[in-house]
Amino acid sequence: MPDIHDEIEVLLRQAEQAARDGHQGQALGNLDAAENLIGTLPPDDNLYSREMTIKIWNNRGIVFKNMENFDESAACFSNALKLLGEDGGLNPKLKVGVHLNLANLMSRKRQYNSALEHFQQALDSASILQEGEDSDIKCKIHNNLALFYCNFGERDKAQAELDKCLEIKGGDEFHIDFERERRGWIRTNLGLIHSELADERELSDEAEAEALRRAALGFFREALDIYQHIGYSMMQARIMLNIAAVERRLGLKKEAIEILILARAIADKLHSERLQAMVLEKCINFHLTYGSSPFAGALDELFALLPKRLDPFAERTLRRIEDKARRAGQVELLKKIRRRLRSGEPTEGTKGQVDEPCKL
């Protein structure tokens with residue numbers, strides 16, 4: 001008969017994997033089951049129960065963030081921090097992770113100062129870790145800070161954070177797969193920085209904008225090679241979407257079609273509805289740009305994929321496509337999208353919001 005500790009930890013791993021694959025309901029079910037098992041542990045297992053409960057609250061926060069229920073997500077992370085206490089309890093790395101999750105959540109909510117506060121608290125908490133033990137977690141903090149600054153248009157600060165990430169020396173726990181993943185993060189963020197800078201320069205210097213896009217494409221392709229070597233399918237698909245977006249802007253129609261078809265195959269294999277929706281959105285954008293493409297039916301596929309009652313993610317996806325269809329002058333397509341939005345009874349408080357395009 002399996003040990004109850006093993007059962008709890010298996011359920012936590014299954015929840016984390018389900019959340020990464022886009023199956024948020026399944027992840028919540030696994031977390032609830034783990035919590036129920038913790039309730040059966042004897043009193044002398046109190047420290048273990050506490051640590052596992054903290055991990056459950058932290059994972060719930062991630063799941064609710066993925067579902068774009070940001071208030072519930074913040075409440076879960078706050079519960080985890082309360083249980084951790086001032087000293088980080090038995091697992092200081094976990095305290096760093098919770099602050100990092102809160103920082104990323106505040107960034108999604110466009111709360112710049114709150115996000116920076118939690119990034120700083122994550123760095124402060126990491127400072128108590130022993131040298132070498134802190135290498136991977138500090139890399140994650142600086143990488144996430146780079147993406148944060150990039151999303152707020154502060155590319156010099158983003159580049160500085162990537163430089164700090166590169167400067168960190170690995171300790172005993174700095175395994176080769178993590179080193180590869182670190183290089184993948186850096187190449188991805190460099191691609192994002194160059195891509196966004198190209199968008200800025202497009203009106204003033206077309207030649208420079210094209211050069212920046214080609215540089216971005218190179219960084220994204222390097223990142224894709226790394227994640228293919230690691231075997232991280234979700235990241236492969238997401239980077240493919242960035243590659244397709246840049247290739248579309250460079251007029252590389254054939255190459256963009258090929259990479260989108262590959263991304264669709266991965267999303268379908270993973271059965272991740274969130275990833276499938278992201279891929280279909282890029283396919284629709286491609287079709288709006290060129291008019292003729294293999295993706296003429298992508299909008300109908302997206303309609304079939306999205307829930308009948310639109311959640312915030314689904315509505316924001318349609319709002320972005322609606323905006324692109326309007327700018328492209330696609331009147332019939334615009335009518336279809338607006339009918340779907342009306343029939344989906346959008347969640348109160350999301351009407352008219354325009355979310356950022358999906359980024360890593």
Which of the residues spanning region 304-326 are surrounded by fewer than 17 Cβ atoms within 10 Å (Cβ to Cβ) and modelled with pLDDT of 90 or more? Ala304, Leu305, Asp323, Arg326
Candidates Leu129, Leu102, Leu145, filtered to the one that is in contact with a His (Cβ under 8 Å, 6 or more places away or on another chain) and not acidic (Asp, Glu): Leu102
In region 291-302, is there at least one residue being over 22 Å from the mean Cα position of the chain (by Cα), assigned to a helix (DSSP H, G or I), of a type outside the set (Asp, Glu) and on the phi < 0 side of the Ramachandran plot? yes
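Does Glu222 qualify as being surrounded by fewer than 23 Cβ atoms within 10 Å (Cβ to Cβ) and closer than 24 Å to Leu197 by Cβ?
Working: surrounded by fewer than 23 Cβ atoms within 10 Å (Cβ to Cβ): yes; closer than 24 Å to Leu197 by Cβ: yes.
The answer is yes for Glu222.
Scan Ala126, Ala146, Ala158, Ala103 and give me the residue that is in contact with a helix residue (DSSP H, G or I) (Cβ under 6 Å, 6 or more places away or on another chain) and at pLDDT 90 or above.
Values: Ala126 fails: at pLDDT 90 or above; Ala146 fails: at pLDDT 90 or above; Ala158 fails: at pLDDT 90 or above.
Just a single option satisfies the conditions, and that option is Ala103.
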Being among the polar types (S, T, N, Q) and under 23 Å from Arg180 (Cα atoms) is true for just one of Asn104, Asn151. Which residue is that? Asn104
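Residues to consider are Ala158, Ala74; find the one that is closer than 25 Å to Thr317 by Cβ, more than 15 Å from the chain's Cα centre (by Cα) and surrounded by 17 or more Cβ atoms within 10 Å (Cβ to Cβ). Give the derivation first.
Values: Ala158 fails: closer than 25 Å to Thr317 by Cβ.
The conditions single out Ala74.
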Leading residue by the ranking (surrounded by the fewest Cβ atoms within 10 Å (Cβ to Cβ)) among those in region 225-245 that are at pLDDT below 95 and among the β-branched types (Val, Ile, Thr): Ile230
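How many of the residues making up region 58-75 are assigned to a loop (DSSP other than H, G, I, E, B) and polar (S, T, N, Q)? Reasoning before the result, please.
Taking region 58-75 first, the residues assigned to a loop (DSSP other than H, G, I, E, B) are 67-69.
Then keep just the ones that are polar (S, T, N, Q); that gives 69.
Number satisfying all stated conditions: 1.
The values are calculated or read from the model by the stated rules, or taken from the named source; none is laboratory data. Being a predicted model, the structure only gives us computed values, none of them experimental. Every residue, glycine as well, gets a Cβ built from its backbone with ideal geometry; the counts of neighbours run over all protein chains shown.
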